[in-house]
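A short write-up of the structure that comes next.
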């Protein structure tokens, strides 16, 4: 059987594809995109994976240069699969992620799990949106917090049949398991902010009837100041 030229050997193409994915992992570890995709505690795994892929690429390249390869049935199909994998890696490198948190949150059930036994409660103005949601899950009586000042930030999340909420995404591992948490807002008169827009809100908490449950009440944020902000560098909440 004829020997395959070096640049057409399967091991050479595998080495190239692995090297590209190593570049994806290492580049992602330093360009800030991990904050959009993965919980911070798992970030070190990404550059480690990149190093391992680079080592595998070197092994494949060594195999390609030290052993004569012969044509085998199915090699062309494997080569196309490897080329497709390399193309995906190039696209990931070239196109930075820009997820729509509002669209993603609209496809996921809300995170209604309460944190058992909150041992420490921050003062009202130091509570993030997620802190407020956790506190209300553990202490469901809305009158306990009526009149408290609030200073939070998040993205605008449309809610079917209701006014949009101000929301965040909570993740246990990565964006794939993200679930939204949000607070209702008594928006001022006029156009409601567009979905996915990031806002900082300062105001107070108030009690109002819950439109989703007859006879029940809920806390709502009454804004005194609303200002648009850029998406935070670390938009995901643990």
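A Cβ distance below 9 Å, combined with a sequence gap of six or more or placement on separate chains, defines the contacts here; from the stretch 15-37, residues that are in the same structural domain as residue 177 (by TED's automatic domain parsing) reach no residue that is surrounded by fewer than 18 Cβ atoms within 10 Å (Cβ to Cβ) and modelled with pLDDT under 90.
Return a yes/no flag: does the stretch 77-97 have any residue that is under 21 Å from the mean Cα position of the chain (by Cα), surrounded by fewer than 17 Cβ atoms within 10 Å (Cβ to Cβ) and at pLDDT below 80. The answer is yes; a qualifying residue exists.
Could you tell me which of the residues 170, 218, 134, 225 is in contact (Cβ under 8 Å) with a residue 24 or more places away in the chain and within 28 Å of residue 39 (Cα to Cα)? Going through 170, 218, 134, 225 in turn, the sole match is 170. Could you tell me whether residue 223 is exposed (fewer than 12 other Cβ atoms within 10 Å of the Cβ) and closer than 25 Å to residue 100 by Cβ? Against the criterion (exposed (fewer than 12 other Cβ atoms within 10 Å of the Cβ) and closer than 25 Å to residue 100 by Cβ), residue 223 does not qualify.
The values are calculated or read from the model by the stated rules, or taken from the named source; none is laboratory data. Please read these numbers as outputs of a predicted model, since none were measured by experiment. Neighbour counts are summed over all protein chains in view; Cβ atoms, including those assigned to glycine, are modelled from backbone coordinates with ideal geometry.
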